[in-house]
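The values are calculated or read from the model by the stated rules, or taken from the named source; none is laboratory data. All of these numbers come straight from a predicted model, not from anything done at the bench. Every residue, glycine among them, receives a Cβ derived from its backbone with ideal geometry; neighbour counts consider all protein chains shown. Ligands, DNA and RNA are excluded from the accessible area calculation, which covers all protein heavy atoms including side chains. Shrake-Rupley method; radii C 1.70, N 1.55, O 1.52, S 1.80 Å.
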Amino acid sequence: MMKLLINSIYKATEGEGIHIGTPQIFIRFQGCTVGCLNCDSTDTWDFDQANEMSLESVLDEVYSIAGNYPHQLKRLSITGGDPLHPKHVPAVLELVKRFKRDGFYINLEAAGTRVIDEIFDSIDFISFDFKTPSTGVKTNPELIIKLAKQYQNKFQIKSVVADERDFDAAYAAYNFVAERVTRETQIPWVITPCYDLGEDFPKERFSEIISLNEKVGGLFRVIGQQHKWIHGPDKKQI
Ligand code: SF4
């Protein structure tokens, strides 16, 4: 029987990126080895067997949440942890197959470390991280070129930006990609101003990042994490 490592399954309204404000059901995988320095979900890092769930119980839980709504909530976000870690890939493929058969819209939050065609071909939307220097992790910009060429109209790049150095890294990567794709290719890229755990709302950081984006002609969309404005930066499953 297939076992999945799951941190949590819950309904919430998307708080960031271009689908902000859209209610969906989150399936959060347990287990990540990427190691971002500013990770706000370190509780998802361990591949802890205590989080094992059978495929059937994951399906049951999602359908039970979806069924609470008059027209069913058939919108999923598969996230983590790192849902594309090789240990999770067979389970993600199986979930995608089952939920697509039932007409769900599926977004996947990818950590920016790998593109897996078999999954990306089958889902509706890919949110792909470009990791900035403050995360201590590097994203290969060639992966973004591949996404832009292969998955036009169904992806966004997301970068958490803490300061000007992060912004400059995202800008350099944007230019690297733009120079290697056709002029018509869209590169939807969202800058998420960093809002750390335990921090008061970083108003000045937001303003500075908005100004930096205006100076480069608005290449990016600057979108904050709405759920943190409402509930504070520490609350989970909201
Ligand atoms: S990829 Fe996501 S869960 Fe993993 S360390 Fe980075 S921010 Fe945290």
Please go through segment 163-186 and give me each residue that is hydroxyl-bearing (Ser, Thr, Tyr) and not in a helix (DSSP H, G or I), ordered by number.
THR182, THR185
Search result, residues across segment 190-217 that are in a loop (DSSP other than H, G, I, E, B) and open to solvent by 40 Å² or more (accessible area, probe 1.4 Å)
ASP196, LEU197, GLY198, GLU199, ASP200, PHE201, GLY217
Taking the residues in segment 73-125 that are over 22 Å from GLN150 (Cα atoms) and within 15 Å of the ligand (Cβ to nearest atom) as candidates, determine which candidate is nearest to the chain's Cα centre (by Cα).
GLY80
Condition first: without any contact (Cβ under 8 Å) to a residue 24 or more places away in the chain and over 19 Å from LYS3 (Cα atoms). Now tell me which residues in segment 40-60 satisfy that.
THR42
Considering only residues that are closer than 24 Å to ILE191 by Cα, open to solvent by less than 40 Å² (accessible area, probe 1.4 Å) and away from the ligand (no atom under 16 Å from the Cβ), which ones fall in segment 20-69?
THR22, GLN24, ILE25
Quick one: would you say ASN153 is open to solvent by 70 Å² or more (accessible area, probe 1.4 Å) and within 16 Å of the ligand (Cβ to nearest atom)?
no
In segment 182-205, which residue that is modelled with pLDDT of 95 or more and touching a Gly at 6+ places or on another chain (Cβ under 9 Å) is farthest from ALA148 (Cα to Cα)?
PRO193
Contacts under 8 angstrom Cβ, first residue in segment 150-164 being at positive phi, partner assigned to a loop (DSSP other than H, G, I, E, B), 6 or more apart
ASN153/GLN186
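Listed here are the residues, each with its yes/no results for (1) over 17 Å from ASN7 (Cβ atoms); (2) among the acidic types (Asp, Glu); (3) not in a loop (DSSP other than H, G, I, E, B).
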| site | (1), (2), (3) |
| --- | --- |
| VAL62 | no, no, yes |
| LEU73 | yes, no, no |
| PRO83 | no, no, no |
| PRO90 | yes, no, yes |
| VAL96 | yes, no, yes |
| PHE99 | yes, no, yes |
| ILE126 | yes, no, yes |
